[in-house]
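See below for the structure under consideration.
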């Protein structure tokens, strides 16, 4: 890198290129936020779903599971768990409520979180809401 | 050491290494839990150990970046630090807040921690990497703002160099994008979109500026190559970083409810993200080849070249491997992601911090330029043990990821997650063995600080 290419030119590419692509990114983000209402299932968000997301966060579910593929890779994907469990919120609630307190010898086991009936319903409704987000057909199949 | 106030870097570096040890110990716990599912259950469930592992990583890297900044800014600005006292006060605040947060993770259930820290007032917890209680997040903002005030005042009163300017842009960007950690809407898609403004725009954006600036500083000091040449390289590298990396955020917007056009934007721009990392390799090797002096600190030069190479492999190559959307459709959120994350963080960020520690610590401990030859040889052994350990961690996770992707997502009869996990357990065992090698390397690294002996002198 010598000859005609000067430090000033390199600096201008840095500042000019960065500002330009920040603006492009902001424009795309703006367009995304206007397109989201048709995709993100926001109509389904109610008080129960809101509580469900709080239960999800307050128990750090993302520390083991993925949700729409993001999170930890220790336990199954939950973005489509509602569908995997036969479109049943009852099955989700039963699974969470039935976790053994002391785990399963030698195997991975979800902790017993001692959720109330209201919290169980909320987390199940939150996962149902999540399963109805338009994710461009991800995951590839029911197994997540 | 040219300026007295550079000494504040020392406690930052020591804390960074200490927290690094904690991170690796919890990494080994996690690795074992992958194959012995009930290990430490229910006392330390996987999610708690993982939170400690990733949060310690972030905090020790921040300690490392701050220490690096306090060390190099006075030298670049040719003036004492604005306030060494503020730097030391912030060190203790950050360390105590960090320790309390980790103790909180370990001693009380996460839901209780959320409750007693007032998460209901401003819910920000329970999101990957942003698990810290809201009050800890506010504390991080205060510490970082105090730190930025201190170094910005120093730069303003002294000489302005490209290295210090780029470093400051990176650090200010770090602070600004962290503010998105406080935005947590109920709408999961919006939550995820802006969560990436912290995570992606940190590690594939402004942190690369910090890395490149520190690397440039080390190369200026150890090779004696003309600053003009190094600064030109620095500009070109970080220009490519931001030109590719900002829109490259789109590779996280494929499957989270965002519009399908992100598959094009994300694939094309993130496919170019390896370019700045490759340029860093060329840069580091070129500068070392054209060196105009023989710096006695060979270990620091090894770390500097190592970080460029490993960042290119981990972030560049392993990132590219699963960044195109048709590939990512199958690999998203699998062990492939974990493989990439491990080598990228080690190569780009753990190693750049160890490079600056390696360069600066001898001076901070009262030597002229370098440790004894014996100490350096031990440090280089540590370099190779940790680096080879990480290469194998990455390869075994990649093997696990390929099998997982095949069995669970590609084959004609996709199998359930846990069935697949059992089938690939051998790879997890091998990963754990590689992790033990990494830990041994880290212990050798720490031991190298306690090897005395006559200071190595420049040969030329």
**Request:** Mind giving me the nanometre distance, one decimal, between the label points for residue B:160 and residue A:44, set 7 Å out from Cα along Cα→Cβ?
**Result:** 5.3
**Asked** For A:72-80, what's the mean count of beta carbons from other chains sitting within 10 Å of each residue's beta carbon?
**Response** 6
**Message:** Considering only C-alpha atoms, what is the centroid distance from segment B:82-141 to segment A:92-144, in Å?
**Reply:** 28
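Is segment A:43-144 best put as rounded, prolate or oblate by its Cα gyration tensor, with a ≥ b ≥ c the root eigenvalues, rounded for a/c under 1.5, and otherwise prolate when a/b is larger than b/c, oblate when not?
Numbers: a/c = 1.67, a/b = 1.17, b/c = 1.43.
It comes out oblate by the Cα gyration axes.
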**Prompt:** Ratio of the protein assembly as shown's C-alpha Rg to 2.2 N^0.38 Å, to two decimals?
**Reply:** 0.95
**Item:** Equivalent ellipsoid semi-axes, chain B, via Cα gyration tensor eigenvalues times 5, rooted, Å
**Value:** 34, 25, 24
**Prompt:** How far is helix B:262-271 tilted off the main Cα axis of chain B, in degrees rounded to 10, range 0 to 90?
**Reply:** 40
**Fill in**
Taking Cα pairs closer than 8 Å and at least 6 residues apart, the relative contact order of chain B in percent is 14
**Prompt:** What is the Rg over Rh value, at two decimals, for segment B:223-375, using alpha-carbon atoms and the Kirkwood definition of Rh?
**Reply:** 1.08
**Message:** Please report the spacing between the Cα centers of segment B:65-79 and segment B:316-395 in Å, no decimals.
**Reply:** 23
**Request:** Could you work out how far helix B:188-201 tilts from the main Cα principal axis of chain B, as a 0 to 90 degree angle to the nearest 10?
**Result:** 20
**Message:** Can you give me the angle between helix B:335-344 and the longest principal axis of chain B, using Cα atoms only, in degrees from 0 to 90, rounded to the nearest 10?
**Reply:** 10
**Request:** With runs of 4+ DSSP H residues as the only contributors, calculate the mean residue ellipticity of the protein assembly as shown at 222 nm using -39,500 (n - 2.57) per run, divided by the residue total and rounded to the nearest 500.
**Result:** -21500 deg cm²/dmol
**Message:** Need the C-alpha centroid separation for segment B:26-46 versus segment B:403-460, integer Å.
**Reply:** 16
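Every read-out reported here was derived from the displayed coordinates using simple, explicitly stated rules and does not represent laboratory data. Computed from a predicted model, the values in this text were never measured in an experiment. Virtual Cβ from ideal backbone geometry, glycine too; neighbours counted across all protein chains shown.
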